[in-house]
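Pasting in a structure now, in C-alpha cells, and then I'll have a few things to ask.
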2 protein chains.
Amino acid sequence: MSVIKQPSRRAFLRGSAAVAAGAAGPVAAADSARRPDPLITELQDWTSYTGAGVDETPYGLPIPFESDVIRRNVEWLTASPIASVNFTPLHALDGTITPQGCAFERHHSGAIMLRKEDYRLMINGLVDRPLVFTYEDIERFPRENHVYFCECAANTGMEWAGAQLNGVQFTHGMIHNMEYTGVPLRLLLREAGARTDDNLWLYAEGADASSNGRSIPMAKAVDDCLVAFKANGEALRMEHGYPVRLVVPGWEGNMWVKWLRRIEIVDTAVESREETSKYTDVYEDGIARKWTWVMDAKSVITSPSPQRPVRHGPGPMVISGLAWSGHGRIARVDVSGDGGITWQTARLGKQGDTKALTRFYLDTVWDGAPMLLQARAIDETGYVQPAKDRLREKRGKNAVYHNNCIQTWYLNSDGLAENVEVS
Amino acid sequence: MSVIKQPSRRAFLRGSAAVAAGAAGPVAAADSARRPDPLITELQDWTSYTGAGVDETPYGLPIPFESDVIRRNVEWLTASPIASVNFTPLHALDGTITPQGCAFERHHSGAIMLRKEDYRLMINGLVDRPLVFTYEDIERFPRENHVYFCECAANTGMEWAGAQLNGVQFTHGMIHNMEYTGVPLRLLLREAGARTDDNLWLYAEGADASSNGRSIPMAKAVDDCLVAFKANGEALRMEHGYPVRLVVPGWEGNMWVKWLRRIEIVDTAVESREETSKYTDVYEDGIARKWTWVMDAKSVITSPSPQRPVRHGPGPMVISGLAWSGHGRIARVDVSGDGGITWQTARLGKQGDTKALTRFYLDTVWDGAPMLLQARAIDETGYVQPAKDRLREKRGKNAVYHNNCIQTWYLNSDGLAENVEVS
C-alpha cells in the first residue's frame, strides 16, 4: 500500500501530461490573434463554425457529452419504481451544490403533480386556531436561505452486510445538497397559535397517496425546520415535493415530507408506519433502535472511485470527496491510502455550512502502487466517523439504516477502483 | 407614497389570507391518518393516484407548471441570436444560486460543442516553457470552490437613456451566480514558468469563432481567477463554456472567456476588438472610458416587480431582491417605498460571499397605497449604489456599460408594478 505524498512543484513538472508547446519560446506582445502560431492553428477546429443562438435553449440541459451523468436506479432493489429510490451521480460531481436535475429521488407512491393554486397546508391539533394556508399565504411570511444536505436514512445501508455495490453513486448517492428558501416552521406554528412545549410533537404528512407521515419532536420543529418552496434558487422540482416540502436540517431524509399537506400538533408520537415498520432497525436480540433521526458525521471519496478510475497513470493526483454531519459543521477530514494505518488531513474546498455537504481535496502524487483509499470525517462536536467493523460491533450486520462507516476503495495499479472491506 | 411599515404578529393575523380551519379545535394524539377530519378530506385529491417512478427522469426538468420560468431574449436588441444575449428570470427566483438551466447566455458567435477529449489550453508568451494542457491535465492541479456572480457589463444598460424595459428579467437579468470548481489560474501560470510581474498582462481567448479575446492585468490573474470546469456541482453547460471557462471574480462577464483556448503572457494590453469597439464607453466629448472591469455595487428588487405583481392585496408583504459588488461583500441593503426619501435596512437572507449575489428581504405590511420601490446596496468598502441621475451627471446618457444605478418600480394600488424614473 502506498503512503500518500504531497506534491512539489517539480513533481508537477515531471508528472503532468501537459505537453510543452515546442520551441515557440516567449513571444512578444500585441494582438497575437493576428499572428497565429503553428501550434495554435491545431487548436482552432471549432472556429470554423458558429454555434447555437440564445433563442435555442429557453431552459437548458447538460451537453449531450455528459449524458451519463444522471440519476440511476437499481431495479432489483425494490418491487416498483413508484416506491423506490434513485441515486445522485456523486462520482461525476464536484464542489458542494447538487443540481436538482440529478439529485436523488425517494418516493413511497410516486412523484405527484400538484399545482400551486391547488396547494393547501393545514396546521391543526393543539393550536388556538387551526389554519389552512395557500401557497401565496406562505410567501407572505419572512423567509430564509440555507444550504442543507438531505440524506436518506438507508444511504450506504447495503454496507452493513458487506461491500456490495460497486460505485459511490450507489453506496452513497442517496444524498443531495441544495440552497433552500423557505419560511421557518416556527412562524407558521405561531400564526396558528400552536402550543410549542418541549414534550409535544408534530405529525407531518404529505399530499401523495402514501402520505408518508412522520412524528417530529417540537424542539426540532421550532429550532431550524423550514417550510421550503425553492431549491437552488428556483421552484422545487416535482420529484422533490413541488410546490412545498419540509426541510428538517441534519435529520434523515424521510422526515423531509414532500408535498407537505398537514401538520398536526400532538402530545405523543404517532408511531406511524414510516417510523415503526420502516426507518427503525430491529436487531438480532429483538430490540428495535428507533428515533434515530440525526445523520451522524460521514464522508466518502468520490474520486478516485469505482465509477471514476484514474486514467492518467502515476504523478499528481487529486483525491476528492464529500463530508457532512447532522450535528453541525465538518471540522476536519482525514484521508488514508493504506486502509487506515496512516492518515493525512485533507484541504476543505471552502469552510462548510452547518448541516451541509463539505467538499475536501488531498493534492497528492501517486506512485502507481495499489492503495486502500479511505476518508474519515470529524465534526464540530469532536465525533469521529467510525470504521465499519466498529459500527457492526455496536449494531450488528442486519441493520438497514444509518450506516456512516468509513468506506474503502481498493485502487489497483491500473487506476481501477473497487468497493472492498478491510479489517 | 407609502412609508414601509414593519409587521407585527397581529398584522399577520389580520392581513394573511390563511383560512381558519373551522371549529376542529385541538385533536388528541395517535395516528391521525386513520381519523380524517372533514377539512382534511378536502385536501386529499392527490392521494387518489400514484405518481411518477424513479426511473422516469434520469435528468430532471422543472415541472410543466413552471414553464414560464425561462431565459428570454429580446429579438430587436441584436441582429442575430448567435451574437446576442438572453436574460435570467430573476423575478421568479429566490435565494442566491442561479440554476445553470436558466442562467443568462451571451455569445459572440454562438455556443459551440467542444468535447473534453478535444479540449486544449495553451499558455504561451512570456513563459519559461509554453505548455498545452488537456482537460485531464487541468483536473490534476489543486482546485477550489467559490460562489461568484457573473454580470455582463451591459446589464441595465438600457437605463442610461430611460426606463425602457418593463421587467427585472430584462433590466437586470444579464447576471447569474454559481458555485464554481476550478484550478487557480496562478497554478497553471506557475507550471508554465510564466513571468508574473505586475506590469504584465494576459491575453485570454476562447475556442469559438469570435475568440472573444480580452486583456487581463497580471495582478488580477494571480489573485483570484479560476480556470473552472464545474458550476453548481456539475459540468459547465455548453452555453456557459463547456468544458472550461475563465472565472474573473467581480469583473465584467465578457472577460470570463468561455471555451478557454489560450492564455498568452504579454507586456502590454492587446487592445482587441472586445476591449476597444466594445466594452468601452465613448462619451459625448469623444473621450473613451475604458478598462472599466470591476462591477460596482448594485442591487435590485425582484419582487414586487413588473413581472411579479402583488396579487394578495394589502397586509403582510415580503419585499425581496438581490445585491452584489465586484469589490467584495455586501455590507447592507436599504429599501425605500417613497422613491428614496426614507429608507429602511433590509434583512440579508444569509451573509453573502465575496463577489457573490446576496439575497435581501424586507418583511413589511402594505397598506395598499402606491409605492415607489427602490433598493440601494452598500458594499464592504463603504461604496453606496448611486441614484440614476447622479450616475448620469458623471457619465452622460449615451453610455452602454456599467449602469449600477438605483432602480425604481412604481407599484400601484392594484399591485401592478412598472419601470419608472424619479428625480
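The values are calculated or read from the model by the stated rules, or taken from the named source; none is laboratory data. As the structure is a prediction and not an experimental result, all values here were calculated from the model. Please note: Cβ atoms are built from the backbone with ideal geometry, for glycine as well, and neighbour counts cover all protein chains shown.
In segment A:384-400, how many are closer than 21 Å to A:THR302 by Cα and in contact (Cβ under 8 Å) with a residue 60 or more places away in the chain?
Taking segment A:384-400 first, the residues closer than 21 Å to A:THR302 by Cα are A:384-388.
If we keep only those that are in contact (Cβ under 8 Å) with a residue 60 or more places away in the chain too, we end up with A:384-385, A:388.
Number satisfying all stated conditions: 3.
Name every residue in segment B:129-160 that is assigned to a loop (DSSP other than H, G, I, E, B) and either over 23 Å from B:LEU322 (Cα atoms) or in contact with a helix residue (DSSP H, G or I) (Cβ under 7 Å, 6 or more places away or on another chain) (or both), in order of residue number.
Residues of segment B:129-160 that are assigned to a loop (DSSP other than H, G, I, E, B), as a first pass: B:129-130, B:140-143, B:152-156.
Result: B:ARG129, B:PRO130, B:ARG140, B:PHE141, B:PRO142, B:ARG143, B:CYS152, B:ALA153, B:ASN155, B:THR156.
Suppose the filter is free of Cβ contacts under 8 Å to residues at least 40 places away in the same chain and aliphatic (A, V, I, L, M); does A:VAL222 pass it?
Numbers: free of Cβ contacts under 8 Å to residues at least 40 places away in the same chain: yes; aliphatic (A, V, I, L, M): yes.
Here the answer is yes, as A:VAL222 does meet what is asked.
Quick check on B:THR276: is it over 20 Å from B:LYS355 (Cα atoms), of a type in the set (Ser, Thr, Tyr) and within 11 Å of chain A (Cβ to nearest Cβ)? First the steps, then the outcome.
Values: over 20 Å from B:LYS355 (Cα atoms): yes; of a type in the set (Ser, Thr, Tyr): yes; within 11 Å of chain A (Cβ to nearest Cβ): yes.
In short, yes.
How many of the residues making up segment B:297-326 are buried (at least 18 other Cβ atoms within 10 Å of the Cβ), in a loop (DSSP other than H, G, I, E, B) and under 22 Å from the mean Cα position of the chain (by Cα)?
So the count comes out to 6.
Any residue that is of a type in the set (Ser, Thr, Tyr) and within 14 Å of chain B (Cβ to nearest Cβ) - is there at least one of those in segment A:311-333?
Yes, because at least one residue in segment A:311-333 is of a type in the set (Ser, Thr, Tyr) and within 14 Å of chain B (Cβ to nearest Cβ).
Quick grid of which residues meet (1) modelled with pLDDT of 90 or more; (2) assigned by TED's automatic domain parsing to the domain that holds A:HIS172; (3) within 30 Å of A:ASP208 (Cα to Cα); (4) outside any loop (DSSP other than H, G, I, E, B):
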site: A:PRO7; (1), (2), (3), (4): no, no, no, no
site: A:ALA11; (1), (2), (3), (4): no, no, no, yes
site: A:ALA29; (1), (2), (3), (4): no, no, no, no
site: A:LEU39; (1), (2), (3), (4): no, no, no, yes
site: A:PHE65; (1), (2), (3), (4): yes, no, no, yes
site: A:GLY95; (1), (2), (3), (4): yes, yes, no, no
site: A:LEU114; (1), (2), (3), (4): yes, yes, yes, no
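For segment A:193-221, enumerate the residues that are surrounded by 24 or more Cβ atoms within 10 Å (Cβ to Cβ), in a loop (DSSP other than H, G, I, E, B) and hydrophobic (A, V, I, L, M, F, W, C).
The one that is surrounded by 24 or more Cβ atoms within 10 Å (Cβ to Cβ), in a loop (DSSP other than H, G, I, E, B) and hydrophobic (A, V, I, L, M, F, W, C): A:ALA207.
Looking at segment B:164-186, is at least one residue of a type in the set (Gly, Ala, Ser), modelled with pLDDT under 95 and at negative phi?
Our first condition is that a residue be of a type in the set (Gly, Ala, Ser); within segment B:164-186, this holds for B:167, B:173, B:182.
Cutting the leftovers down to modelled with pLDDT under 95 gives us none.
Among the residues of segment B:164-186, not one is of a type in the set (Gly, Ala, Ser), modelled with pLDDT under 95 and at negative phi, which makes the answer no.
While we're on this one: May I ask you to list the residues in segment A:55-68 that are more than 9 Å from chain B (Cβ to nearest Cβ) and under 20 Å from B:THR98 (Cα atoms)? Explain how you work it out, then say what you get.
So in segment A:55-68, the residues more than 9 Å from chain B (Cβ to nearest Cβ) come out as A:68.
Hits for segment A:55-68: nothing passes.
Can you go through B:ALA103, B:ALA154 and tell me which one is within 25 Å of B:TYR361 (Cα to Cα) and either in contact with a strand residue (DSSP E or B) (Cβ under 6 Å, 6 or more places away or on another chain) or in contact (Cβ under 8 Å) with a residue 40 or more places away in the chain (or both)? Steps first, please.
Values: B:ALA154 fails: within 25 Å of B:TYR361 (Cα to Cα).
Sole residue among the options that is within 25 Å of B:TYR361 (Cα to Cα) and either in contact with a strand residue (DSSP E or B) (Cβ under 6 Å, 6 or more places away or on another chain) or in contact (Cβ under 8 Å) with a residue 40 or more places away in the chain (or both): B:ALA103.
Say we look at segment B:69-125 and pick out the residues that are β-branched (Val, Ile, Thr) and at the interface with another protein chain (Cβ under 7 Å from one of its Cβ atoms); which of these is nearest to B:ASN254 (Cα to Cα)?
Kept after step one, since they are β-branched (Val, Ile, Thr), are these residues of segment B:69-125: B:69-70, B:74, B:78, B:82, B:85, B:88, B:96-98, B:112, B:123.
Now drop any that are not at the interface with another protein chain (Cβ under 7 Å from one of its Cβ atoms), which leaves B:69-70, B:82, B:85, B:96-98, B:112.
Numbers: B:VAL69: 25, B:ILE70: 22, B:ILE82: 15, B:VAL85: 12, B:THR96: 21, B:ILE97: 20, B:THR98: 18, B:ILE112: 16 Å.
Among residues in segment B:69-125 that are β-branched (Val, Ile, Thr) and at the interface with another protein chain (Cβ under 7 Å from one of its Cβ atoms), the one nearest to B:ASN254 (Cα to Cα) is B:VAL85.
Does A:GLU418 count as more than 23 Å from the chain's Cα centre (by Cα) and either under 30 Å from A:GLU275 (Cα atoms) or at pLDDT 95 or above (or both)? Show your work before the answer.
Details: more than 23 Å from the chain's Cα centre (by Cα): no; either under 30 Å from A:GLU275 (Cα atoms) or at pLDDT 95 or above (or both): yes.
It is false that A:GLU418 is more than 23 Å from the chain's Cα centre (by Cα) and either under 30 Å from A:GLU275 (Cα atoms) or at pLDDT 95 or above (or both).
Right, another one. Restricting to segment B:370-413, give me the number of residues that are assigned to a strand (DSSP E or B) and of a type in the set (Phe, Trp, Tyr).
So in segment B:370-413, the residues assigned to a strand (DSSP E or B) come out as B:371-379, B:384, B:408-411.
Adding the requirement that they be of a type in the set (Phe, Trp, Tyr) leaves B:409-410.
Result for segment B:370-413: 2.
Consider segment A:336-369. How many of its residues are in contact with a strand residue (DSSP E or B) (Cβ under 7 Å, 6 or more places away or on another chain), polar (S, T, N, Q) and either part of a loop (DSSP other than H, G, I, E, B) or more than 11 Å from chain B (Cβ to nearest Cβ) (or both)?
Number of matching residues: 4.
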